[in-house]
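One structure below.
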Amino acid sequence: MFERTLQDLIRGLRAHKASSKAQEDAFIAEAMVEIRQELKGKDMALKAEGVLKICYLMMLYPIPAPPEFAFHVVEVMSSPRYHLKQIGYLAAPMAFSGDTEEVVLTVNGIKKDLMSPHVPLPPIPLTALPHLLSLSPSLSTTLHPDLLHLLTHSSPRIRKRAVLCLLPCWEAFPEGLREGFPRLRERLQDSDQGVVGATVGVVMELARRQGGKNYLPLAPELFGILTGSTNNWMLIKVVKLFAILTPLEPRLVRKLLPPITSLISSTSAISLLYECVRTCIVGGMLDPDRAEGEALARVCVEKLGGYLRDEGGDQNLRYIALLAMVKIIPTHPAMVAEYQDQIMESLDDPDVSIRMRALELVTSMVDRENLQTIADQLLSHLAPPEQNTSALPSAVASLTAIANQLSPTAAKDPTITSTSVSLSPAYRLLLTQKLLSMITHDTYVNVSDFEWVISLAIDLAYVSHVDVGENIKSLVLDVVGRVKSVREYAVGVLEKVLGDEDLRARGRDGTGEDGLIEAAIWTCGEYSSYLLSPLSAISSILSPTLHLSSAPLISSSIQASAKIFGHYAASISSNWSSDKHDEAKALVSSIKSGLEPFLSIGDIDVQERAFAFNQLLSFVQADLANHVAPTKRISSADNDMPEIEGGFADSSQKDDDSSPPYPKSLFLFEPLFTSHELNAVAYKAQEAVRIPEGLDLDGEIILGGGFGAISEDEQSEEEKTAIDLGEGGGEGMEELRRVLREQDRKGKRREGETKEERAARRAARKAKHKDDPYYLYDKNDNEEDIDDIPIVRLDDTEIVVEEPTSKAKGSGKSKKGKGKEKEKIKAPPPVFDRQGELPEGSTSDHQIKAKEKPDLRRSNSGLAAIDLTTSGQRTPKSIAPGRYEEYKVDDDLPERIIAPKLGADEVSQQKHNDDLPVASPGQIEVVKVKRKKKGETKKKKKEKQIIDG
């Protein structure tokens, strides 16, 4: 009798579900103790019950398997009783892993069960084999012939499961695909539709992983299934297969058009319709150049449009219809545009996935006529809903809203659900990005009103509440730079943006408004001539809260205020008066006070701009202070700048005829920013620049890399060059000048000496320092002439530092030299440029990282490396270990190919497969045979007799 059956275990777990966690853990621990005792027993039925219970617990709780659990499963798998064997194979995928050694014990048992004449027995191991084959390549190699044998079994159930086991078997043993491909092709014409469906699924997975090149010969069988089958799931797989094969064989398009058109017009399965539409697009069947492409596209669009018009239809059908239309619109946009109203209604759908597909479709439908309509409708999804605060909701409405919020099963209001979707940040970000991409598509090809673009960009910055500031900034600056007629309007509306402190406060929170503010600052500064009130613009730009903004925004603000001040200062000179004089002085003082917080800021760019602007303002302020304000208002006819030849020193002259009535420093700023007009740079403008004549970009700037040989004339000229150290500097500099002059005189005296005179001078110097203990010299009389030593170029990369092999070699070095060497090792020079340019052939960190980047191309290992279009004979390296027996003989012996005898059925099947360029490696075995020469045995016997005698 069992202590606790599986049913008792389930009842106990349910009973402890409402109890505490400690009580439930105690019950599980008690059950595990009982299971371990059952597994250790000799009763096979009790052991199988324990295996079943531990599998149930492992599926529900993170419980590790007991020790030797895999061995107990092997014992249950080897049981002769059918129901116990079934439990063992059921637990095998949970008991075995990649490092389980007990898998080896199951090989013979699995082979015996697969080849059992009892029909219900082979399906049991076939259920567990997909997992076991992926664990061990040796198991796949061993069981592969048995799986191929089961493909011709009389039971359709066994044939179907054997086909499904081939895919994991070939993944672990890729060379088996060559041997099993003809058998797999036979199953496409099986009498059982279940076997055919399993075969189509395996072929589709193989084609998806390998590419369709190996499976083009299966096109006749697949076309027969496409025209003769009524199973929608099988037709979906076949259509997917043709989507892979059609780009490789264009001739299939004409053959597939009639059945594909028939399926599109007659099928009621939206999934099959979608796959047919996808195959038509991938295969080029909807190409406008084809005569039948227009009619086929019309059939597809009308069929899909019916699902969009069905308001009470299935949401899944609506989604797939939108997904299929996304693929049709690149070739036939006019047909899809007929359903624009239904597509725009899908943008209000509560299902976010339908909204995404409709949004993708809407952005592809845009043209010059409907751009503003679609953009305004998309912008309304970002705008907050208008709330009626004048009237309170009724009691019934309030109670209904509360009930909908509290009850998870209650029906949700579609309006509330749609609003919640619109408020999600992910959807708002995607919607804003799509809206901006619609406008900037192909350099504003669909835009006819650029003032509307500026207004839309400002509205997006206010209502999007997502971080798209950089996108909005680039849009505004690009439009203002490209379209000159829109600059006045842009400055007018962006001038109002500068005074919005609430927008600045929101921008500091990182929601993207900083991009619009930065674009407004730059535009108003660059085109300050269109400003209505330059003084208000400067005050708004240099606001008291500017120091809270980011460093790039502060830098742009300082630069823009300098531009605006420059234009304003030049403009008031034409209408100069005492009032203007006082106004200019007050403006300069105000700007300088606004710049004070940035003179000591941490950012170097902001600090540099602030200092430069402040110094220029100080010059203007001093000029205004020294200038005498006119007593009467002066109106100048021409607005020319003052002469620059005399500089601002001319302002000190008292001659009224030659000096203007206004300070010349008013024109100090404007030439700094208006010398060149900023225009948009064309695409590939750099490539269009012509190379000047006589300029060789490939030639060496310094011949020889800067290591050219110096001629004797140049060398003597360099030696003759005197070193000028100037005057002064104290006693140390005077001593240095005296030594250099003495060396210069000695060098001049030695210019004309001969070799004999040079040798006599060296001998005298040697005799002089012979007894000097502080002078080191070589005791070897054979002293080489230093001038005769050739000068060569030393390359540091070729120097190889060798360690001394003996102590004697190192003893000759002076302690002083060793000390210097240690100092060099301890204090290496700092390296700052860690990713700089290195000579060719050297190894750097960035090169190593480049090598470590994963290769995104298709892998050439495993199944992807098998090419069935080549010769079917394998090389010995491709044969898996243990698959065939090897013989070691001499290399000069001939080889003989032994082919097994084929039966009548196999011969007929071989004729049927003649069009497939595959040779079965399972039927061809290369064996090296050592041929014996005639009379060789008799000669050996005679030689043996002679030796014995």
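The values are calculated or read from the model by the stated rules, or taken from the named source; none is laboratory data. Nothing here was measured: the structure is a model prediction, and the numbers come from that model. Backbone-built Cβ (ideal geometry, glycine too); neighbour counts: all protein chains shown. For accessibility, only protein heavy atoms count, side chains too; no ligands or nucleic acids. Shrake-Rupley method; radii C 1.70, N 1.55, O 1.52, S 1.80 Å.
Couple of notes before you dig in:
- Options Ala397, Ala383: the member that is surrounded by fewer than 17 Cβ atoms within 10 Å (Cβ to Cβ), modelled with pLDDT under 85 and within 23 Å of Val453 (Cα to Cα): Ala383
- Considering the range 1-92, the qualifying helices (runs of 4 or more DSSP H), each wholly inside and each with 3 or more residues that are touching a His at 6+ places or on another chain (Cβ under 7 Å) and open to solvent by 10 Å² or more (accessible area, probe 1.4 Å), run over 21-40.
- Among the candidates Arg482, Arg508, Arg487, Arg504, residue that is within 20 Å of Gly566 (Cβ to Cβ) and either hydroxyl-bearing (Ser, Thr, Tyr) or in contact with a helix residue (DSSP H, G or I) (Cβ under 9 Å, 6 or more places away or on another chain) (or both): Arg487
- Among residues of the range 612-636 that are more than 17 Å from Ala570 (Cβ to Cβ), those with a Cβ under 6 angstrom from a residue that is modelled with pLDDT of 60 or more and of a type outside the set (Asp, Glu), sequence gap 6+ or separate chain, pair up as Asn614/Leu595; Ala629/Ser578; Ala629/His581; Pro630/Pro661; Arg633/Ser577.
- Filter pass, Ile558 being in contact with a Lys or Arg (Cβ under 9 Å, 6 or more places away or on another chain) and either at pLDDT 90 or above or open to solvent by 50 Å² or more (accessible area, probe 1.4 Å) (or both): yes
- A single member of Ala560, Ala570, Ala586, Ala537 is under 18 Å from Asp500 (Cβ atoms) and assigned by TED's automatic domain parsing to the domain that holds Ser665, and it is Ala560.
- Pick from the range 220-248, criterion part of a helix (DSSP H, G or I) and of a type in the set (Gly, Ala, Ser), ranking: most open to solvent (accessible area, probe 1.4 Å): Gly228
- Restricting attention to the range 357-376, the residues being farther than 22 Å from Leu429 by Cβ and touching a residue at least 60 places away in the same chain (Cβ under 8 Å) number 3.
- Selection status of Arg428, open to solvent by less than 40 Å² (accessible area, probe 1.4 Å), of a type outside the set (A, V, I, L, M, F, W, C), at pLDDT below 90 and not in a loop (DSSP other than H, G, I, E, B): yes
- Top-ranked residue of the range 249-292 - restricted to ones that are free of Cβ contacts under 8 Å to residues at least 24 places away in the same chain and under 37 Å from the mean Cα position of the chain (by Cα), ranked as surrounded by the most Cβ atoms within 10 Å (Cβ to Cβ): Cys280
- Within the set Ser590, Ser555, Ser540, Ser529, the sole residue that is within 30 Å of Lys484 (Cα to Cα) and over 44 Å from the mean Cα position of the chain (by Cα) turns out to be Ser529.
- Selection of the range 333-363 for residues being in contact with a Pro (Cβ under 9 Å, 6 or more places away or on another chain) and surrounded by fewer than 19 Cβ atoms within 10 Å (Cβ to Cβ) yields Asp348, Pro350.
- Residues of the range 96-137 that are over 18 Å from Leu150 (Cβ atoms) and open to solvent by less than 10 Å² (accessible area, probe 1.4 Å): Phe96 alone.
- Exclusive hit being closer than 23 Å to Ser550 by Cβ, surrounded by 15 or more Cβ atoms within 10 Å (Cβ to Cβ) and among the acidic types (Asp, Glu), set Asp509, Asp502, Asp514: Asp514
- Residue check, Leu531 closer than 30 Å to Gln607 by Cα and modelled with pLDDT under 90: no
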